[in-house]
Amino acid sequence: MHETRDLLDPEARSDSVLQVIRALMCRSGLRTELARRTGLSIASVSTAVQRLLDDGIAHGGKKEAVALRPVTGVAVGIQVGARHVTVAARLPHWPREQVRLVSLGQGLRDGAAWIDAAADAVAGLAGSIGRGPADLATVGLAVPWPVDPRDLSPSPPSPWFAAPDLHRRLSARFGEVFGEVFGEVKVVVDADARLGALNEQTYHHPYETLLYVEIAEHVLGGLVVGPRMVRGALGRAGSVGHQVVEPGGLDCWCGKRGCLERYISVPAVLEGVYVSLRARGEEPPASVGALIDRARDGDPDCRWALTAAAKRLARALRESAATLETQAVVLGGPLAPGLRLVAAECEQELRRSAWTRHLELRFAQPDAAAHGALILGLIGHLR
């Protein structure tokens, strides 16, 4: 087996070969697909692939998918939210279907307790793969706020629970738990919506331009164009959650009024249903999952709440379409299954504008941001 860190040694390999290796660690593919995903020319990809074949690092014919041969080193992705954390792990040459997942019932609202739980989960996943902490190769972290690409800190305005230097604290805690070898691994961080977009484009929706909208306790947008994630100068590119959909509406923590997040985030939707059902003397749903189940069973108030959220989302997408012209929008997060129930209403609103009539509406796979964080680790910082 080849070691991950040796494969990605910049002193031993050209930039084009490194890009192809990183692409193969995310997903095997034909040369044409590798060219699309790396942004390299077909000729450059063919030359790089031939070098990998000659070195015994990859296998596959000219008309067959190129894939990595077995590689050591565990790649880890961690999605941290306000209430839940998801940890994903696999070997770099494994397909996505073999990713090991662990969901934790702790999050940022529980202080630093989730960090210890995540460290234990990483150790358990590495053991289930047949590896130990010393074999950890990469760690990517998905967080629910914009991330400044210069120093990986929360980019203002950030929600109250945004934790500065979270990636350094996580790496340091791993070092305390597993020893100095584990502490050498760098934790690279980005916004969960951007990593959700990276995952969906890599594995499910190969559009050239794709916008991912993560709807949870916050509403973030992540934009990918070709092989690149678009971050912007301060890491806030694609932030559709703060498009104004109700001029003069509710105050938002970002300083504006009427932002989309104030109306379609999970707390906002639950609050609206609570008021309407209490007024009728009925018990409101305690979670977004219960709300979606009741809407599926025909509850008019729950269905109305999802429909209103879908229409406001479409309004925000129409407003942002002039600058974020994308081929597809992928919806993820806890509210996405509910919006799938009323997708027709959302699509109808999108068709009302020439800016968004071409837009394809898609829905994300579960734990998309955790899978995207794993990819980020593979294409980002490595020890």
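General remarks:
- Any hit, region 264-272, residues being polar (S, T, N, Q), in a loop (DSSP other than H, G, I, E, B) and touching a residue at least 40 places away in the same chain (Cβ under 8 Å): yes
- Region 243-263: number of residues that are outside any loop (DSSP other than H, G, I, E, B) and surrounded by 22 or more Cβ atoms within 10 Å (Cβ to Cβ): 4
- Within region 54-80, considering residues that are open to solvent by less than 10 Å² (accessible area, probe 1.4 Å) and of a type outside the set (A, V, I, L, M), the one nearest to R131 (Cα to Cα): G73
Residues are listed down the side, and each one gets a yes or a no for (1) surrounded by fewer than 20 Cβ atoms within 10 Å (Cβ to Cβ); (2) under 14 Å from the mean Cα position of the chain (by Cα); (3) part of a helix (DSSP H, G or I):
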| site | (1), (2), (3) |
| --- | --- |
| R150 | yes, no, no |
| W160 | yes, no, no |
| P164 | yes, no, no |
| H167 | no, no, yes |
| E176 | yes, no, yes |
| R194 | no, yes, yes |
| L198 | no, yes, yes |
| L223 | no, yes, no |
| L234 | yes, no, no |
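- Some residue of region 204-216 being open to solvent by 10 Å² or more (accessible area, probe 1.4 Å), outside any loop (DSSP other than H, G, I, E, B), more than 30 Å from L34 (Cβ to Cβ) and touching a Leu at 6+ places or on another chain (Cβ under 8 Å): no
- Verdict on R352 being modelled with pLDDT under 95, out of contact with any helix residue (DSSP H, G or I) (no Cβ under 6 Å at 6 or more places or on another chain) and either assigned to a helix (DSSP H, G or I) or of a type in the set (K, R) (or both): yes
- Output for region 324-349, where each listed residue is crowded, with 18+ Cβ neighbours inside 10 Å, touching a strand residue (DSSP E or B) at 6+ places or on another chain (Cβ under 9 Å) and in a loop (DSSP other than H, G, I, E, B): L324, T326, G333, P334, L335
- Region 309-323 - residue that is part of a loop (DSSP other than H, G, I, E, B) and touching a residue at least 24 places away in the same chain (Cβ under 8 Å) and, of those, farthest from the chain's Cα centre (by Cα): A322
- Test: residue in region 84-93 that is closer than 17 Å to D192 by Cα and open to solvent by 20 Å² or more (accessible area, probe 1.4 Å): yes
Residue by residue, here is whether (1) in contact with a strand residue (DSSP E or B) (Cβ under 9 Å, 6 or more places away or on another chain); (2) hydroxyl-bearing (S, T, Y) holds:
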| site | (1), (2) |
| --- | --- |
| A12 | no, no |
| Q19 | no, no |
| C26 | no, no |
| A43 | no, no |
| L53 | yes, no |
| V80 | yes, no |
| T86 | yes, yes |
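- Test: T307 is closer than 23 Å to R236 by Cα and surrounded by 17 or more Cβ atoms within 10 Å (Cβ to Cβ): no
The values are calculated or read from the model by the stated rules, or taken from the named source; none is laboratory data. Predicted model only: the values in this text are computed from it and were never measured. No Cβ is skipped: glycine too gets one built from the backbone with ideal geometry, and neighbour counts run over all protein chains shown. Note: areas computed on protein heavy atoms with side chains; ligands, DNA, RNA excluded. Shrake-Rupley method; radii C 1.70, N 1.55, O 1.52, S 1.80 Å.
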